[in-house]
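Below is one structure, written out as C-alpha cells, with a few remarks after it.
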Amino acid sequence: MNATLARKLRFSDVVYAINGTPKSLRLWLQRGLVSIHTPKPEGSTWTEYSFFDIAILVMVRTMVNYGVDVPTASAIGNAVMTEFFPQMLHLKNPENMPAGAVAMMWTNRRLHLFQKDDNWEMRLITLWESDLDPARNEGFDPQLPSGVATLRREIEQAPVYISIDVETVLRTAFERADESVREGREDDDE
C-alpha cells in the first residue's frame with residue numbers, strides 16, 4: 001500500500017473502501033449521523049475525503065454490522081481514531097506518511113467494546129502486555145472456545161461484547177481505497 005495520509009479521495013473511493021453502499025453513506029453524511037474530519041467545502045458540491053475519514057467510516061461500518069447504531073458507532077469511531085493515538089492527528093508531513101501507519105499503530109492490539117448499563121465502554125487490549133499473548137500463554141488459542149472464554153472473562157457480565165481487530169479492518173479499507181484510486185473508478189455520483 002503506497003497511499004499517503006494526505007491524499008484526498010472521492011466519494012466512490014470511500015464507498016468502495018468501506019465496502020458500503022452509496023445510499024447508506026450518503027444518508028449517514030447528509031443526516032449528520034457520522035462525524036468525519038474533512039469539512040465539506042463551501043460553494044462546492046464535491047467533498048474530498050482523507051484516510052482518517054475512511055478509518056472512521058470503516059470503524060462505523062464494522063460496528064453497525066454488529067448492531068451498534070450509527071451515531072454511537074460514529075462517536076466510538078472518532079474516539080478510536082483520536083483518543084488512543086492522538087499523535088496521528090498532528091503529523092508534520094502527512095504527504096510523506098503512508099496510510100498504513102494508522103493501521104500499524106494497532107498491530108497486536110484489539111479493541112473491545114462492551115455495554116455497561118446503557119453505555120458503550122471501550123478497552124484497548126495490548127496483547128504483548130496481557131495474558132492473552134499466545135507467546136506468554138501457551139494454552140491460549142483465540143479460535144477455540146476456551147480462548148473465547150478467556151477473552152470473555154476479562155469483561156464478564158457484559159450483555160454485548162465486540163472484539164475488533166482494528167489493524168485488519170483499517171488495512172483492508174486502505175487497500176480497497178488504493179485499489180479504487182488505481183482503477184480510476186468513474187461511478188462517482190455524490
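What the table below lists for this structure:
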| quantity | calculated |
| --- | --- |
| Residue match in segment 71-92 (condition: at pLDDT 80 or above, open to solvent by less than 60 Å² (accessible area, probe 1.4 Å), closer than 15 Å to Arg7 by Cβ and within 13 Å of the chain's Cα centre (by Cα)) | no |
| Any hit, segment 63-70, residues being under 21 Å from Tyr16 (Cβ atoms) and in contact with a Leu (Cβ under 6 Å, 6 or more places away or on another chain) | yes |
| Pair list, Cβ under 6 Å, 6 or more apart: segment 5-30 residue closer than 27 Å to Leu91 by Cα and aromatic (Phe, Trp, Tyr), other residue in a loop (DSSP other than H, G, I, E, B) and open to solvent by 50 Å² or more (accessible area, probe 1.4 Å) | Phe11/Glu190 |
| Check on Gly139, open to solvent by 60 Å² or more (accessible area, probe 1.4 Å), in a loop (DSSP other than H, G, I, E, B), modelled with pLDDT of 85 or more and of a type outside the set (Ser, Thr, Tyr) | no |
| Among residues of segment 146-190, those that are modelled with pLDDT of 70 or more, part of a helix (DSSP H, G or I) and open to solvent by 40 Å² or more (accessible area, probe 1.4 Å), counted | 9 |
| Selection within segment 93-126 - surrounded by 14 or more Cβ atoms within 10 Å (Cβ to Cβ), at pLDDT below 80 and more than 23 Å from Glu175 (Cβ to Cβ) | Ile125 |
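Residues are listed down the side, and each one gets a yes or a no for (1) under 19 Å from Arg176 (Cα atoms); (2) exposed (fewer than 15 other Cβ atoms within 10 Å of the Cβ); (3) in contact with a strand residue (DSSP E or B) (Cβ under 8 Å, 6 or more places away or on another chain); (4) not small (Gly, Ala, Ser):
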residue: Ser12; (1), (2), (3), (4): yes, no, no, no
residue: Tyr16; (1), (2), (3), (4): yes, no, no, yes
residue: Gly20; (1), (2), (3), (4): yes, no, no, no
residue: Tyr49; (1), (2), (3), (4): yes, no, yes, yes
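The values are calculated or read from the model by the stated rules, or taken from the named source; none is laboratory data. Please read all numbers here as calculations on a predicted model, not as lab measurements. Every residue, glycine among them, receives a Cβ derived from its backbone with ideal geometry; neighbour counts consider all protein chains shown. All accessible areas refer to the heavy atoms of the entire protein, side chains included, with ligands and DNA or RNA removed. Shrake-Rupley method; radii C 1.70, N 1.55, O 1.52, S 1.80 Å.
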